[in-house]
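One structure is given here, and the rest of the page talks about it.
FYI, it's all coordinate maths here, none of it is from the lab. The structure presented is a predicted model; accordingly, all values stated were derived computationally and were not measured. Methodologically, a virtual Cβ is constructed for each residue, glycine included, from the backbone with ideal geometry; neighbour enumeration extends over all protein chains shown.
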Amino acid sequence: YFYIGSTTDKKSLIAKSKDDSLLWLFDEQLQNSFYLNSKDKDLDAKLISLFKLFDSSLDAILFSKVIL
């Protein structure tokens, strides 16, 4: 699963139920997740950069540019 948000949201429980979920969490650190500070002045730019990286990763997987 792919989840962006706070761990206090009930929807986060779905993503946290799987060990291989991709989590971008605000103001909380969990193992195998990206920590994002919700008060960071550059948060928008960081989220856009992370999305571009995620999108490029998906393209590489879909078009057989990497082997899993």
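The figures follow:
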read-out	value
Likely footprinting exposure, S21, S49, fewest C-beta neighbours within 10 Å first	S49, S21
Per-q log10 I(q)/I(0), the range 2-62, q = 0.18, 0.25 Å⁻¹ (Debye; single scatterer per alpha-carbon; no solvent)	-0.68, -1.11
Listed residues F54, F26, F34, most fluctuating in the chain (Gaussian network, C-alpha, under 10 Å)	F54
The chain: calculated mean residue ellipticity at 222 nm from DSSP helix runs of at least 4, using -39500 (n - 2.57)	-11500 deg cm²/dmol
Cβ crowding within 10 Å averaged over residues, with 58-64, 11-17 ranked highest first	11-17, 58-64
Radius 15 Å from Cβ of D59, net charge of other residues (Lys, Arg +1; Asp, Glu -1)	+1
Charge tally in the Cβ shell below 12 Å around I4, where Lys, Arg are +1 and Asp, Glu are -1, I4 excluded	+1
With Cα atoms, 0 to 90° folded angle of helix 43-62 axis to the chain main axis	30 degrees
